[in-house]
Amino acid sequence: MAPRRVGALALALIGLSAALSVYAVARPTPPASRAAAGDLPFDAPLPTAVPPGTKLVIGDPQTERVLKHNGWDKELPFQVQWAEIVGGPAVTEAFHAKVLDVGSTANIPPIHAVWVGIPVKMIAVKFRDDPVRHPAFQFAIAPGAKIDSLADLHGKRIAYSPGQIQGEIVIRSLEAAGLTPKDVKLVELPSTSADVYLNALAGGELDAAPIGAGPAVKRYLDRYGARGAKVIAHSPHRDDLSTLFVRDETLHDPAQAAALRAYIRLWGRAQAWIDAHPAEWAKIYYQDNQGLSPELATYAVNAIGKTSLPKDWSEAVAYQQSSIDLMSRISKRQPFPAATIFDRRFEPVAAQGFAEYRRGGEARLAAR
């Protein structure tokens, strides 16, 4: 069965929100020192010298908060313009408009970008240390939907976003229950924010939807648990790969490639800092930036657990290949080798920053 679409008003609001989030960022103007596109091939070593005037527009709010909190943003050897652009649909639109250089998402948006004609590369990857105890998503069940297991999804209305990881979670969960998309009613609805799915569930427009296993789950159960709302686990597969990715043309610019190398080193350091300071992280990001209560902020940090930055991306490549193979079959798109969307020149860079901090680099960095 073809995915159904929600009402025109809901989609219009979603589209407007995405458009505003994209165009709120000023279009970057190439600095005078920028090299001609195509100068740096993908098999060349990453440059280390960042020319004066180099600029990147970065949509990575969590790293932004860590760098500013610790003063590490002053170590960036380039001009940075921070962009409040998050989530697969918004990042893809921003890449299409060429108003963003670095996007932070889960694993599906880079795949989707290739399918809509935007060549991209993943330049950083991270997992959760314990994805079984700390899944990124769970299925939220609407009050009165009578769903206690994945098999009960048969015939139900399920939120479906093919360009986001939520779409992959739905398909994998259906297959684990012996179901196909024809056995349910897929409601095509991008998850532009957690409340999009929560409101649709509470309003009776959906029976089930994959939502973030942190504050979104707690808010949903706190608000609607008394009415019968609940959550169930999705199929037993990893859902925790996170990435930074960029347009190919950005990497072909030697100046920006060097700037990206410097940024990814600090990104790795920032992930180690978050692991080492959970209470401080809950305060500076989830409370001060996201507006959560202290209780909900602590819940968010505990739900995520610890971070794993692999020194070897082979598992991430295999993870992506599995996703490509699955979603290409479902969406009737052309599969491709996952290795083509990884720039493994960055493989040791983030791991180096992560390990530097974990080895006791905090004291040395403070002294510096």
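Please sort 181-191, 42-52, 80-90 by packing, taking for each peptide the average over its residues of neighbouring beta carbons within 10 angstrom, highest first. Intermediate values should be presented prior to the final figure.
Numbers: 181-191: 19.4, 42-52: 13.4, 80-90: 21.1.
Most protected by this proxy first, the peptides run 80-90, 181-191, 42-52.
Measuring between their Cα centroids, the stretch 275-327 and the stretch 61-90 lie 16 Å from each other. Take every DSSP beta bridge whose two residues both sit in the chain; close to 60 percent of them are antiparallel. Please find the FRET efficiency linking Phe42 to Arg333, where r is the Cβ-Cβ separation and R0 is fixed at 25 Å, and quote it to the nearest 0.05. E between Phe42 and Arg333, to the nearest 0.05, is 0.60. The calculated FRET efficiency for Arg133 paired with Ala49, based on their beta-carbon distance and R0 = 45 Å, is about 0.55.
Highest average first, the peptides 164-177, 281-294 ordered by how many other beta carbon atoms sit within 10 Å of their residues are 164-177, 281-294.
Decide, for the stretch 271-368, between rounded, prolate and oblate: order the square roots of the alpha carbon gyration tensor eigenvalues as a ≥ b ≥ c, take rounded if a/c falls under 1.5, and otherwise choose prolate if a/b is larger than b/c, else oblate. Here the stretch 271-368 falls in the oblate category. Between Glu280 and Lys146, the simple spin-label model (points 7 angstrom out along Cα→Cβ) gives 5.3 nm.
Hey, what angle do you get for helix 88-97 against the long axis of the chain, alpha-carbon based, 0 to 90 degrees rounded to 10? Value to nearest ten degrees: 50.
With respect to the chain, whose longest principal axis is taken over its alpha-carbon atoms, helix 61-70 is tilted by about 50°. Each of Lys306 and Gln81 was given a label point 7 Å from its Cα along the Cα-to-Cβ line. The distance between the two points is 4.0 nm. If r is the Cβ-Cβ distance from Trp72 to Glu295 and R0 is 22 Å, what FRET efficiency results, to the nearest 0.05? Calculated value: 0.15.
Each value in this text was obtained by applying a stated rule to the coordinates, not by laboratory testing. Because the structure is predicted, anything quoted here is derived from the model rather than measured. Don't worry about glycine lacking a Cβ; one is built from the backbone with ideal geometry, like all the others, and counts go over all protein chains shown.
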